[in-house]
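Chemist: Got a structure here, written out as structure tokens. Questions coming.
Derivation of every value follows stated rules applied to the coordinates shown; laboratory data play no part. Treat the numbers as computed from the prediction; the structure is a model and nothing was measured. Using ideal geometry, Cβ is built from the backbone for each residue, glycine included, and neighbour counts are taken over all protein chains shown.
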Amino acid sequence: MKKRNWILLATFLPLAAFLGILVWASLQTGGQPGGLGVNTQFGVADIDEEAAENFSLNLQSGGRIELAELRGKIVMVDFWASWCAPCRLEAPTLEQAYRDYAGPDVEFIGVNIWDLPDNAATYVEQFEVSYPNGVDDDGQIAIDYGVKGIPEKFFIDRNGIVRQKFVGPIRPDKLKQTLDDLLAEGG
């Protein structure tokens, strides 16, 4: 072979191999990027209804909240971040629902992840969020709940069972329906 052919082969063979790997990786992942971030698909997610992982959260307002102490209530746990556009979009919806439903039967908990505490505090103030919120400092709560993107909401019944998971921003009618359905179950 001539020297020129060897140079062309040495140049294009690695390029062809790299492109082949990219195509293979794209086929393996369905063309979706891996990793964590903002949810790009919205709606109800399939889950196995099982006991919610207990957690304690230092609240931005001071004090601490523990999920297990809320047994007997319907609890909506929302994972969010201040930089997340869909989280910002749904913040007024969640706050209005909290104001409509808060009481002896319903509690909301906001869990800030992948964020700076100061940014989280600014977000809570900016959107006038009145339900309990805290920062998941080490990410363990998000890991325990299998959070892959934000926003993600988990609806927990009075018996401490995760009944529904919703990814992406939730519509007001869907939020109301979910809470009403869980409240109607009594229990």
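Chemist: Ranked by Cβ crowding within 10 angstrom, fewest neighbours first, how are I47, I150, I65 ordered?
Modeler: Result, fewest neighbours first: I47, I65, I150.
Chemist: List the relative contact order of region 37-184 as a percent without decimals, with contacts defined as Cα pairs under 8 Å and 6+ residues apart.
Modeler: Computed value for region 37-184: 39 percent relative contact order.
Chemist: Dipole magnitude of region 37-184 about its Cα centre, charges +1 at Lys/Arg Cβ and -1 at Asp/Glu Cβ only, in debye to the nearest 20?
Modeler: Dipole size: approximately 300 debye.
Chemist: At 0.36 nm per residue, and after removing the present C-alpha to C-alpha distance, how many nm does the segment from A184 to Q140 gain when stretched out fully?
Modeler: Length difference between fully extended and current span is 12.6 nm.
Chemist: State the extension gain, in nm to one decimal, for the chain segment bounded by K2 and N58, taking 0.36 nm per residue of separation less the distance between their alpha-carbons.
Modeler: 13.1 nm
Chemist: Oh, and also: For region 76-137, with equal point scatterers placed on the C-alpha atoms only and solvent neglected, what are the log10 I(q)/I(0) values from the Debye formula at q = 0.30 1/Å, to two decimals?
Modeler: Here log10 of I(q) over I(0) equals -1.45.
Chemist: Let me ask something additional. If the chain between L89 and F127 were fully stretched, how many nm would it gain, using 0.36 nm times the residue separation less the Cα-Cα distance?
Modeler: Result for the pair: 12.7 nm of gain on full extension.
Chemist: Further question on the same structure: Quick one, can you get me the convex hull of the C-alpha atoms of region 37-184 expressed as volume per residue in Å³?
Modeler: 100 Å³
Chemist: Quote the relative contact order of region 107-168 in percent (integer), defining contacts as alpha-carbon pairs under 8 Å separated by 6+ residues.
Modeler: RCO, region 107-168: 27 percent.
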